[in-house]
Amino acid sequence: MAHSNQAKKRIRSNEKQRLHNKAINSSMRSEMKRVLTAVDAGDKAGAEAALPIAMRKIDKAAKTNVVHSNNASRKKSLLMRAIGRMG
């Protein structure tokens, strides 16, 4: 258990940041799922409409270091390939 005031404050601020990162990660994954669900349903128009929102969420997560930039690129590529395979 932390004894110094500084250590106690770091515990509080780390928890706030963890919850903030968790929210960003969750919303990113939700938008990705929206695109992939539309692809699975064969709804190309719906998938293409949801794609820019998902891309924005992924870029924001990468910019704030919630996910690594290579991970973000991989996720974006996965979505683009999924839509591209629809034909």
Set of aspartates and glutamates near Lys57 by C-alpha distance (under 20 Å), chain-local residues within fewer than 8 positions excluded: Glu31, Glu48
Neighbour net charge for Asp40 - beta-carbon separation under 12 angstrom, K R +1, D E -1: +3
Choice from Ser77, Ser13, Ser30 with maximal GNM fluctuation in the chain (Cα, 10 Å cutoff): Ser13
Isotropically averaged projected area of the chain, using the convex hull of Cα atoms (one quarter of hull area), nm²: 6.5
GluC sites (Glu not before Pro) within the chain: DSSP coil, no more than 10 neighbouring Cβ in 10 Å: none
With eigenvalues of the C-alpha gyration tensor scaled by 5 and rooted, the stretch 37-87, Å: 22, 11, 7
Subset of Lys9/Lys33; Lys22/Lys63; Lys22/Lys75; Lys9/Lys76; Lys22/Lys44; Lys22/Lys76 violating a 26 Å alpha-carbon distance limit: Lys9/Lys33; Lys9/Lys76; Lys22/Lys44
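Computed from the coordinates by the stated procedures, all read-outs in this text should not be read as laboratory data. All values reported here derive from a predicted model rather than from experimental measurement. Glycine gets a Cβ as well: all are built from the backbone with ideal geometry, and neighbour counts include every protein chain shown.
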